[in-house]
Amino acid sequence: MIRDRNILITGGAGSVGRILVRRLLELNSGIIRILDQSEPALAALKAELENKRCRFLAGDIRDKDRLARAVENIDIVVHTAAMKHVDISEYNTFEAVKTNVVGLQNLIDVSIDAGVERCVFTSSDKAAHPANTMGTTKLLGEKLVTAANKHSGGQDIRFASVRFGNVINSSQSVIPVFREQIMEGGPVTLTDPKMSRFFLTYDDVAQLVVGALDHMKGGEIFIKKMDAIRIEDLAEAMIEAFAPDCGYDPGEIDITKTGARIGETFDEKILTKREVTRTIENESLYAIIPEQSNQNGYLKHEGITGFEPVDSVIRSSENAAKLTREQILELLRTEFEEGVTA
């Protein structure tokens with residue numbers, strides 16, 4: 001699905017976008033247009049990549065005219081641009097709606113008009129049980145993407161969503177924050193020791209998006225089967241791993257509890273009970289079949305080759321098996337040794 005296809009990645013200079021650009025280039029894509037509102041981030045990525053297949057477009061997804069030009073002669077769209085930080089989105093609710101909802105609808109409209117073949121929306125596990133503005137906008141985004149398959153009329157285009165957990169070392173995860181605190185000698189600030197999160201590696205992110213592109217029939221939500229980590233275990237493992245490199249004995253770095261922030265949840269849920277009844281799986285992915293494909297709905301869906309109905313699903317990071325400290329240390333070493341800074 002990727003080879004020789006021209007691809008637009010919105011938010012392509014951000015954490016997830018940078019990962020995807022590199023992986024899609026490795027899969028022999030055609031031209032990759034990287035759209036981002038941050039000129040410094042675009043310039044930095046351009047200097048890092050130095051690849052003739054990449055085009056670096058300054059622009060905002062709120063600007064529909066800019067998007068219309070960006071999708072000309074594009075085969076595949078991967079939409080990662082969004083306001084992703086829970087606390088910032090909570091304080092700037094109207095701005096989150098403009099970017100995460102209106103911007104997405106802009107992209108849907110121009111993709112249909114331009115004859116794009118596939119469009120993947122990167123959602124969040126916070127959409128499953130939204131407790132904050134960011135999660136709520138992502139849930140609405142999933143609804144828009146599913147409906148777009150009917151909204152497209154006679155155009156041969158498919159839309160689907162993917163739900164992410166936290167990406168190791170991305171700007172939205174706690175890992176860069178913990179590492180900076182360790183470099184400064186501590187303390188490492190932990191909101192609550194009971195908190196747990198699902199995490200993905202860089203390869204997991206690429207496999208999820210590429211898997212969605214390969215398997216989508218239209219309207220699904222794809223989810224990577226993910227590892228869960230207790231945030232307190234992560235903090236302790238990071239202190240053990242990075243404190244000596246920063247000139248500190250791990251025992252010198254304290255952990256302090258600050259209390260949960262506004263909109264922050266204690267665990268992450270990847271599916272609702274209602275969604276489990278429509279979920280199928282293969283070895284590495286879950287796919288939620290659109291509810292609109294039932295007998296009273298407006299979409300047709302005949303299943304996905306290689307996927308079977310689930311026997312059981314661990315829906316919450318609270319109930320999922322947690323990585324041990326040794327497994328967390330190995331995961332951190334592997335990801336940091338890759339040398340990809342998202």
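Quick notes
- Rounded to the nearest 20 debye, the dipole size of segment 242-342 about its Cα centre is 660 debye, using +1 on the Cβ of Lys and Arg and -1 on the Cβ of Asp and Glu.
- When only Cα pairs below 8 angstrom with a gap of at least 6 residues are kept, segment 1-45 shows a relative contact order of 50 percent.
- Dividing the mean sequence gap of close Cα pairs (under 8 Å, 6+ apart) by how many residues segment 48-100 holds gives a relative contact order of 28 percent.
- Portion, in percent, of the accessible area of the chain that falls on carbon or sulfur, probe 1.4 Å: 47 percent
- Part-to-part distance (alpha-carbon centres) for segment 131-161 and segment 170-227, which is given in Å: 22 Å
- Charged neighbours of E48, selected by a Cβ distance under 10 Å, balance to +2 (K, R count +1; D, E count -1).
- Residue-normalised accessible area of segment 38-174, given per residue in Å² at a 1.4 Å probe: 43 Å²
- Using only side-chain charges placed at the Cβ, +1 for Lys and Arg and -1 for Asp and Glu, the dipole size of segment 1-75 relative to its Cα centre rounds to 160 debye.
- Think of each Lys and Arg Cβ as +1 and each Asp and Glu Cβ as -1; about the Cα centre, that makes the dipole of the chain roughly 1300 debye.
- Helix 39-49 and the long axis of the chain differ in direction by around 90°, with both axes built from C-alpha atoms.
- Counting only Cα atoms, segment 240-342 measures 63, 33, 26 Å along its principal axes, largest extent leading.
- Highest-MSF residue in the chain out of R18, R53, R230 [GNM, Cα springs under 10 Å]: R53
- Entry for Cα extents along the principal axes in Å (calculated from the structure that is shown) out of (i) 64, 47, 38; (ii) 74, 52, 34; (iii) 58, 57, 36: (i)
- Reducing segment 47-90 and segment 97-120 to their Cα centroids gives an inter-centroid distance of 11 Å.
- Helix 103-114 and the long axis of the chain differ in direction by around 40°, with both axes built from C-alpha atoms.
- Candidates F178, A44, A160 compared by Cα position along the dipole of the chain: farthest toward the positive end lies A160, with charges placed on Cβ.
- In whole percents, the pair-distance distribution calculated for segment 134-178 from its alpha-carbon pairs, binned every 5 Å from zero, is 5, 19, 17, 16, 14, 11, 9, 5, 3, 1.
- Average accessible area per residue (Å²) across segment 230-293 - probe 1.4 Å, nucleic acids and ligands excluded: 50 Å²
- With contacts taken as Cα pairs under 8 Å at a separation of at least 6 residues, segment 1-138 carries a relative contact order of 24 percent.
- Whole-Å semi-axes of the ellipsoid equivalent to segment 94-201 (Cα gyration tensor, √5λ, descending): 35, 14, 12
- Counted charge near T324, where neighbours are those whose Cβ lies closer than 15 Å (Asp, Glu -1; Lys, Arg +1): -3
- Per residue of the chain, the DSSP helices (runs of n ≥ 4 H) give a summed -39500 (n - 2.57) that works out to -11000 deg cm²/dmol at 222 nm.
- Net charge over other residues, Cβ less than 10 angstrom from the Cβ of Q292 (K, R count +1; D, E count -1): +2
The values are calculated or read from the model by the stated rules, or taken from the named source; none is laboratory data. These figures come from a predicted structure and were not determined experimentally. Cβ atoms come from the backbone with ideal geometry, glycine included; neighbour counts cover every protein chain shown. All accessible areas refer to the heavy atoms of the entire protein, side chains included, with ligands and DNA or RNA removed. Shrake-Rupley method; radii C 1.70, N 1.55, O 1.52, S 1.80 Å.
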